[in-house]
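Here is the structure we will look at, set down as structure tokens.
The values are calculated or read from the model by the stated rules, or taken from the named source; none is laboratory data. These figures come from a predicted structure and were not determined experimentally. Virtual Cβ from ideal backbone geometry, glycine too; neighbours counted across all protein chains shown. These area figures cover heavy atoms from the full protein model, side chains too; ligands, DNA and RNA do not enter into them. Shrake-Rupley method; radii C 1.70, N 1.55, O 1.52, S 1.80 Å.
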Amino acid sequence: MSLTTTVDPAEVAKFEAMAAEWWDPAGKFKPLHMLNPCRLDYICTQIAAEFGRDLAADRPFAGLRLLDIGCGGGLLAEPMARLGADVVGADAAERNIPVARIHADQSGLTIDYRHTTAEALAAAGERFDVVLNMEVVEHVADPLAYLTACHDLLKPGGLMVCSTLNRNLKSYMMAIVGAEQVMRWLPRGTHDWAKFITPDELCDLLRRAGLDPVDRRGMVFNPLGWSWSLSDRDLSVNYATTSLRRG
């Protein structure tokens with residue numbers, strides 16, 4: 001019997017074509033390099049609060065097993081490893097994995113990178129304290145099935161951080177028109193606006209997948225400062241959620 005997967009082959013092909021550019025801050029992943037400090041701020045704060053860790057410590061996430069699903073070239077996996085977590089990075093785009101492995105080796109980091117899917121990891125019985133699920137859910141074929149697999153990957157008491165893009169006129173103008181067509185930060189067609197998910201829709205999907213949403217924040221781009229920041233109120237374009245597996 002073949003294993004069901006929520007991977008969308010067309011979406012994987014887009015990122016395979018860009019794989020070698022992951023670590024070029026001026027390349028096709030420039031938006032992620034710009035967003036990364038804001039994402040890390042949110043992720044680290046949520047993990048530290050849930051697991052009682054002191055971010056001022058040398059390796060505050062030591063002892064935590066963490067999965068970065070849709071890891072790409074390792075932009076999040078590497079800082080998580082530096083913070084002490086035991087990191088598995090997984091991606092459905094095969095060409096991303098050697099790029100991530102080479103960069104981790106050059107950085108002196110031990111990260112378990114795998115060309116695999118959330119469903120395959122869950123079926124194999126893999127379990128994690130933390131799952132990072134960043135900018136992936138808007139690219140899968142079946143968001144509910146995918147989030148259910150992510151639930152199954154968490155240990156009881158585990159935490160998932162999930163970020164995505166809201167679906168409204170502003171997000172279309174910012175992510176599609178602005179980022180792809182005007183600024184050309186991303187190749188045209190990288191995003192499908194119809195697959196964007198509103199915060200209320202995502203919270204409903206998380207609950208249906210068996211998770212308990214406990215926090216959500218906007219990630220807001222300031223064109224004057226050319227920087228990103230977290231917002232308690234503005235979830236109009238990019239946003240992140242934290243949810244827990246209670247049992």
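A few comments on the model shown:
- Treating r as the C-beta distance of Ala26 and Gln106 and R0 as 22 Å, the FRET efficiency rounds to 0.70.
- Of Lys30/Lys155; Lys28/Lys155; Lys155/Lys195; Lys30/Lys195, pairs whose Cα-Cα distance is over 25 Å: Lys30/Lys155; Lys28/Lys155; Lys155/Lys195
- Estimated vicinal HN-Hα couplings, Hz - the range 35-46 in sequence order (Karplus 6.51, -1.76, 1.60; Gly, Pro = x): 7, 4, x, 5, 4, 5, 4, 5, 4, 5, 4, 5
- Length-normalised contact order of the chain in % [C-alpha pairs under 8 Å, at least 6 apart]: 19
- Antiparallel %, DSSP beta bridges [both residues in the chain], to 5: 50
- Anisotropy class of the chain from Cα gyration tensor, a/c 1.5 cut: rounded
- Working value for the range 59-140: equivalent-ellipsoid semi-axes of 18, 16, 11 Å, each the square root of 5 times a Cα gyration tensor eigenvalue, largest first.
- Most mobile listed residue (Met34, Met219, Met80) in the chain, GNM with C-alpha springs under 10 Å: Met34
- Prolate/oblate/rounded label for the range 23-108 (Cα gyration tensor, a/c 1.5): prolate
- Ordering Lys170, Lys14 by accessible surface, largest first, gives Lys170, Lys14; the 1.4 Å probe counts only protein heavy atoms, with every chain in place.
- Solvent-accessible heavy-atom area per residue, rounded to whole Å², over the chain at 1.4 Å: 44
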